[in-house]
2 protein chains.
Amino acid sequence: MSAKALLFDVFGTCVDWFGSVSSTLSKLADELNPDTDINAITLAWRQAYFDGMSEVRNGNQPWRRVDEIHREALDRLLLEHGLDQLSEPQRIQLNLVWHRLAPWPDTRKGLAMLRKQSYVATLSNGNLDLLMDLQRFGKLQWDNLFCSDLFQHFKPDPETYLGACRLMNLPPEQVMMVASHRSDLAAAESFGLRSAFVRRPTEFGNIIPADSAIQGDFDYVADDFIDLAQQLEQTT
Amino acid sequence: MSAKALLFDVFGTCVDWFGSVSSTLSKLADELNPDTDINAITLAWRQAYFDGMSEVRNGNQPWRRVDEIHREALDRLLLEHGLDQLSEPQRIQLNLVWHRLAPWPDTRKGLAMLRKQSYVATLSNGNLDLLMDLQRFGKLQWDNLFCSDLFQHFKPDPETYLGACRLMNLPPEQVMMVASHRSDLAAAESFGLRSAFVRRPTEFGNIIPADSAIQGDFDYVADDFIDLAQQLEQTT
């Protein structure tokens with residue numbers, strides 16, 4: 001079951017977007033409107049990202065970078081949550097919170113372990129400069145950053161998974177998708193890739209239950225990246 | 001004259017292809033045919049790469065990865081130079097010499113200095129897995145690997161330079177091309193990018209003179225990456 005390359009979902013799988021976004025919003029709200037429902041605005045911002053991608057995937061919107069989807073949603077949410085006094089420079093800065101998301105505690109070490117066994121690359125719906133910034137912010141070393149903008153398609157469109165395989169010159173069966181989301185892995189499997197589920201139970205704070213899986217649901221099911229590296233070492 | 005991102009040509013500019021390829025061929029010839037003209041076969045292999053890309057750029061050939069261009073040329077050159085006894089596994093291995101080219105002595109340190117000032121990324125005609133391997137082999141840390149296969153165009157086609165700018169969401173005037181080849185920089189300038197020439201006088205061993213430039217020919221002219229980092233530091 002060895003894979004020559006691992007492709008990683010990023011938001012939720014590698015980085016704790018909920019923690020980073022909610023703590024940034026929290027600091028802002030303390031100054032501007034202490035009654036702000038931080039959890040609600042954080043989750044609504046994330047939901048708007050999914051809705052924005054769906055509009056593109058359905059053909060209702062032309063291609064858009066995730067930064068743009070985030071920004072449009074931010075303006076609406078600031079208005080709805082009584083934070084509309086934010087200036088344009090403050091909004092630009094706040095939108096960049098998605099470029100500075102903290103890795104989970106195991107991410108850096110686990111990724112370095114996995115990189116000794118195979119190529120490690122992102123396969124994210126984020127735009128490229130967002131991923132470049134996350135790589136720097138988290139002090140991560142990827143072999144490559146695959147992102148939606150390269151293909152002008154969002155996951156789970158086949159162009160993303162198969163495009164990354166093609167660019168690495170690897171058949172899908174030699175590539176494994178790593179994600180904390182069942183739908184991402186199910187799509188990857190349907191296009192011939194292998195699958196590794198990594199549990200991130202606090203992805204949505206503790207507000208919404210995160211996806212879960214048990215052994216057998218996917219090729220691998222791991223508690224974190226270090227666990228995944230150890231499991232892969234034992235089977236290769 | 002600050003640039004938010006630097007794009008690097010790779011073969012010759014970052015790595016010593018002549019030294020790595022000729023020393024690998026030399027070891028092989030010692031065993032198989034000590035009379036082999038190592039310089040001639042090394043230069044001919046490099047020339048075949050340019051010819052192969054021209055065929056694609058002229059529309060005479062469909063899109064091809066550089067690995068394929070290298071391999072086709074290798075088979076012809078082995079025959080011409082009395083080394084045709086090489087087995088298929090040996091040929092596969094030999095062709096991968098282009099994935100294991102030594103960086104110049106200043107490359108790693110200079111790149112790390114430059115990365116503190118701006119994004120640093122490749123913009124190479126090599127295929128992606130070749131660049132991933134060179135990154136690992138040279139222990140280099142790039143922000144991203146831009147390569148011909150992303151755009152299905154070779155430099156100096158505009159799709160490469162402008163494609164990298166677009167994916168980083170930067171206007172060309174905020175991006176600087178770094179190369180040891182005048183033609184690469186002239187093309188980049190014609191599409192609005194800035195230019196930095198780095199002298200690599202022994203790019204072709206000492207068999208063929210390498211490109212040279214004097215101050216004023218380009219936005220920057222430097223002796224190596226460390227010199228370039230120091231010059232950029234002083235002007236930003």
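The values are calculated or read from the model by the stated rules, or taken from the named source; none is laboratory data. The model shown is predicted, which means the values in this text are computed figures rather than measured ones. So basically every Cβ, Gly included, is an ideal-geometry build from the backbone, and we count neighbours across all protein chains shown. The protein model used for the area step is the full one, side chains on, heavy atoms only, and it has no ligands, DNA or RNA in it. Shrake-Rupley method; radii C 1.70, N 1.55, O 1.52, S 1.80 Å.
Which condition from (1) open to solvent by less than 70 Å² (accessible area, probe 1.4 Å); (2) not in a helix (DSSP H, G or I) is the one that B:Ala44 breaks?
(2)
Taking the range B:8-34 on its own, how many of its residues are more than 27 Å from B:Leu228 (Cα to Cα) and either open to solvent by less than 30 Å² (accessible area, probe 1.4 Å) or out of contact with any helix residue (DSSP H, G or I) (no Cβ under 8 Å at 6 or more places or on another chain) (or both)? Steps first, please.
Start the filter on the range B:8-34 by keeping residues that are more than 27 Å from B:Leu228 (Cα to Cα), which leaves B:22-34.
Imposing the further condition that a residue be either open to solvent by less than 30 Å² (accessible area, probe 1.4 Å) or out of contact with any helix residue (DSSP H, G or I) (no Cβ under 8 Å at 6 or more places or on another chain) (or both) reduces the set to B:22-23, B:25, B:27, B:29-34.
Matching residues across the range B:8-34 total 10.
Tell me which residues, restricted to the range B:42-83, are more than 17 Å from B:Val97 (Cβ to Cβ), without any contact (Cβ under 8 Å) to a residue 60 or more places away in the chain and of a type outside the set (S, T, N, Q).
Result: B:Phe50, B:Asp51, B:Glu55, B:Gly59, B:Pro62, B:Arg64, B:Leu79, B:Glu80, B:Gly82.
Is it the case, given these coordinates, that A:Ala188 is within 11 Å of chain B (Cβ to nearest Cβ), in contact (Cβ under 8 Å) with a residue 60 or more places away in the chain, among the hydrophobic types (A, V, I, L, M, F, W, C) and closer than 30 Å to A:Asn95 by Cβ?
When the stated conditions are applied, A:Ala188 does not pass them.
Against the conditions (1) closer than 25 Å to A:Ala210 by Cα; (2) surrounded by 14 or more Cβ atoms within 10 Å (Cβ to Cβ), where does A:Ala5 fall short? Just the number, please.
Here A:Ala5 clears every test but (1).
Could you tell me how many of the residues in the range A:130-140 are open to solvent by 10 Å² or more (accessible area, probe 1.4 Å), of a type outside the set (A, V, I, L, M, F, W, C) and more than 8 Å from chain B (Cβ to nearest Cβ)?
2
Give the range A:168-177 a look and list any residue that's within 14 Å of chain B (Cβ to nearest Cβ) and of a type outside the set (Val, Ile, Thr), or say none.
A:Met168, A:Asn169, A:Leu170, A:Pro171, A:Gln174 - these are the residues of the range A:168-177 that are within 14 Å of chain B (Cβ to nearest Cβ) and of a type outside the set (Val, Ile, Thr).
Check A:Tyr119 against each of (1) touching a helix residue (DSSP H, G or I) at 6+ places or on another chain (Cβ under 9 Å); (2) of a type in the set (Ser, Thr, Tyr); (3) more than 11 Å from every other protein chain (Cβ to nearest Cβ) and name the one condition it does not meet.
(3)
Residues are listed down the side, and each one gets a yes or a no for (1) within 14 Å of another protein chain (Cβ to nearest Cβ); (2) out of contact with any strand residue (DSSP E or B) (no Cβ under 6 Å at 6 or more places or on another chain); (3) under 30 Å from B:Ala179 (Cβ atoms); (4) not in a helix (DSSP H, G or I):
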site: B:Thr13; (1), (2), (3), (4): no, no, yes, yes
site: B:Gly59; (1), (2), (3), (4): no, yes, yes, yes
site: B:His70; (1), (2), (3), (4): yes, yes, yes, no
site: B:Leu83; (1), (2), (3), (4): no, yes, no, yes
site: B:Leu96; (1), (2), (3), (4): yes, yes, yes, no
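Taking into account only those residues within the range A:147-164 that are open to solvent by less than 10 Å² (accessible area, probe 1.4 Å) and polar (S, T, N, Q), which is farthest from the chain's Cα centre (by Cα)?
Looking at the filtered set, the residue picked out is A:Thr160.
Tally up the residues in the range B:108-129 that are surrounded by fewer than 21 Cβ atoms within 10 Å (Cβ to Cβ) and among the polar types (S, T, N, Q), please.
Looking only at that region, the number is 2.
Restricting the search to the range A:91-140, which residues are aromatic (Phe, Trp, Tyr) and within 13 Å of the chain's Cα centre (by Cα)?
Listed by number, the residues that qualify are A:Trp98, A:Trp104.
Could you tell me how many of the residues in the range A:208-223 are touching a helix residue (DSSP H, G or I) at 6+ places or on another chain (Cβ under 9 Å), open to solvent by 40 Å² or more (accessible area, probe 1.4 Å) and of a type outside the set (A, V, I, L, M, F, W, C)?
The qualifying residues number 4.
With the structure loaded, tell me whether B:Phe197 is more than 14 Å from chain A (Cβ to nearest Cβ), open to solvent by less than 10 Å² (accessible area, probe 1.4 Å), part of a loop (DSSP other than H, G, I, E, B) and not polar (S, T, N, Q) or whether it fails that test.
no
Listed here are the residues, each with its yes/no results for (1) at the interface with chain A (Cβ under 10 Å from one of its Cβ atoms); (2) open to solvent by 50 Å² or more (accessible area, probe 1.4 Å); (3) on the phi > 0 side of the Ramachandran plot.
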{"residue": "B:Asp143", "(1), (2), (3)": "yes, no, no"}
{"residue": "B:Arg166", "(1), (2), (3)": "yes, yes, no"}
{"residue": "B:Ala179", "(1), (2), (3)": "no, no, no"}
{"residue": "B:Gly192", "(1), (2), (3)": "no, no, yes"}
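For the condition of a type in the set (A, V, I, L, M, F, W, C) and closer than 13 Å to A:Leu7 by Cβ, what is the one hit in A:Ala188, A:Ala210, A:Ala229, A:Ala222?
A:Ala188
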